[in-house]
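The values are calculated or read from the model by the stated rules, or taken from the named source; none is laboratory data. Owing to the predicted nature of the structure, the values given are computational and were not obtained by experimental measurement. Because the Cβ atoms are built from the backbone with ideal geometry, glycine has one as well, and the counts that use them run over all protein chains shown. Quick note on the areas: whole protein, heavy atoms, side chains included, nothing else; ligands and nucleic acids left out. Shrake-Rupley method; radii C 1.70, N 1.55, O 1.52, S 1.80 Å.
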There are 2 protein chains.
Amino acid sequence: MLTTRKPKRSPGRPVASAEGDARDHLLTAATELFARQGVAATPFAAIAKRAGLTPAMMHYYFNDREHLLDCVVEEKIAPLIASVWSPVQPNASPEDLIRGVVERLVAGVERNPWIPSTWMREVLNEGGLLRSRVLRKLPFDKVRILSAAIAQAQTRGAIETNLDPVLIVFSILGLVMMHLATAPFFAEVFHRKEPKPQAIGRHITALLLHGLKPSGQ
Amino acid sequence: MLTTRKPKRSPGRPVASAEGDARDHLLTAATELFARQGVAATPFAAIAKRAGLTPAMMHYYFNDREHLLDCVVEEKIAPLIASVWSPVQPNASPEDLIRGVVERLVAGVERNPWIPSTWMREVLNEGGLLRSRVLRKLPFDKVRILSAAIAQAQTRGAIETNLDPVLIVFSILGLVMMHLATAPFFAEVFHRKEPKPQAIGRHITALLLHGLKPSGQ
């Protein structure tokens, strides 16, 4: 009953692995369609069609949309969040912590280019369908380490107090997701070449670390 | 034929003015529903119902959705954009220009609290239904003044070159819209009081002007 979209596979391949392939194709197709048109506008049938499989296969592997969204967050978004935040440790400087978070986030998104527009639409938007699922994956212990490092630097006058040490977490994630999601739109608006993720990362790191101030000061 | 939702009005009121009221109510109801659920999920009937008027009135004043969206951008978003950018003049410092843009944008959004989530959903999202309309309203001459001021400061070493003087326009607008649109979500995530627009503006200005550097440096 199983068919995959890669006919060159040998017919003797174990079923478990072919099943894994079909499931992977479906999950990948789902994330691509979510990024382009949002979760609400993406029925199971469309996902199956894009993967070259049947709607019945979607139901077989993912049961219903709620479970599919659980799988997307658990298998695709949570590992990215973990890779971004797990190296965050106390005693690092706020500068190093922010530089690391931005670098790892940009790198992680380069491997998952469907994430920024999905994040904008389904996490940041009111009524976004991944919001509460993603929220449960945020490593608050790590986020607190960054906020505490900034707050501590503020008490010794090393960072200005108008900067909110908690709000800045949203600034960091929001800047990365927004700039990466809107890179083609930005290119269209300003008649420029689409900025590469690395260039966007450099801009954001410069902005977060010193804004308009020259870095040497 | 015209009915308004404010029965206390005197019956002798001129029709033209009552018409203006009904149209205003419909436009306001439209923006409120757009902010909450997006343009695509908001049929004429829902807008009319929210305004306490009939779908026929929606068609009478706005014809179809395309024309309604033209009116929303022309009458509600374009004036805000103009108020933000028109004071931008050459020979001002990049710091003063950015401070002014953020201040006026935050103030303008306070008067139009439906704008940030609509901006996120319908301008920044791929497939957003206001994207091309809003794009036509961006005052590129003013945007270029800001970019040129930053680029000039970079040539004399007063601003680091990793900061992209054009990309920063998206950073500024994106930070303001994202933080204002997600203020209730932020409060929920971090169990804090919802940050006020003025506090968000102070944070964003500090971030843009000096990032983690103390302002005195």
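What is the packing order of peptides A:71-81, B:21-31, taking the mean over residues of other C-beta atoms within 10 Å and listing the highest first? Before the final figure, lay out the partial values.
Working: A:71-81: 17.4, B:21-31: 19.6.
In decreasing order of mean packing, A:71-81, B:21-31 become B:21-31, A:71-81.
Compute a Gaussian network model of chain B, connecting alpha carbons closer than 10 Å, and tell me which residue from B:205, B:182, B:118 fluctuates the most.
B:182
Would you calculate a helix-derived [θ] at 222 nm for chain A, using -39,500 (n - 2.57) for each DSSP H run of n ≥ 4 and dividing by the full residue count, to the nearest 500? Kindly include the intermediate steps, with their values, before the conclusion.
Numbers: 12 runs with 136 residues, N = 217.
Here the helix-only value at 222 nm equals -19000 deg cm²/dmol.
How many nm is it between the label spots at residue B:37 and residue B:66, if each spot is 7 Å from the Cα in line with the beta carbon?
2.5 nm
For peptide A:103-113, how many partner chain Cβ atoms fall within 10 Å of a residue's Cβ, on average?
Average neighbour count from other chains, rounded to a whole number: 0.
In the protein assembly as shown, what percent of the accessible surface is made up of carbon and sulfur (1.4 Å probe, ligands and nucleic acids excluded)? Intermediate values should be presented prior to the final figure.
Details: 10550 of 19550 Å².
Exposed carbon and sulfur together represent 54 percent of the surface.
Placing unit charges on C-beta atoms (Lys and Arg positive, Asp and Glu negative, everything else neutral), compute the dipole magnitude of the stretch A:66-212 about its Cα centre in debye, rounded to 20. Write out the running numbers ahead of the final one.
Numbers: 16 positive and 15 negative charges, 43 e Å.
For this selection, approximately 200 debye.
Set the Förster distance to 45 Å, then compute FRET efficiency between residue B:137 and residue B:158 from the Cβ-Cβ distance, nearest 0.05. Mind dumping the intermediate values first?
Working: r = 31 Å, r/R0 = 0.70.
Efficiency at R0 = 45 Å is approximately 0.90.
Within 10 Å of each Cβ of B:155-162, how many other protein chain Cβ atoms are there on average? Show your work: numbers first, answer last.
Details: counts 0, 1, 2, 4, 7, 11, 4, 11.
Taking all residues of B:155-162 together, the mean is 5.
Computed on protein heavy atoms with a 1.4 Å probe, what is the summed buried accessible area for the chain pair A and B, in Å² to the nearest 100?
Numbers: alone 12540 and 12510 Å², together 19550 Å².
When A and B are taken together, about 5500 Å² of accessible area is lost.
Shielding of A:180-192 by partners, i.e. mean partner chain Cβ atoms within 10 Å per residue? Walk me through the numbers before you get to the answer.
Numbers: counts 0, 4, 7, 2, 1, 8, 6, 0, 3, 8, 9, 1, 3.
What the average comes to for A:180-192 is 4.
Could you give the size of the charge dipole of the stretch A:42-127 about its Cα centre, using +1 on the Cβ of each K and R and -1 on the Cβ of each D and E, expressed in debye and rounded to the nearest 20? Numbers along the way, then the final one.
On the way: 8 positive and 11 negative charges, 72 e Å.
Using only the charged Cβ atoms, the result is roughly 340 debye.
Where the label is 7 Å out from Cα toward Cβ, how close does residue A:138 come to the same position in every other copy, in nm, shortest first?
2.8
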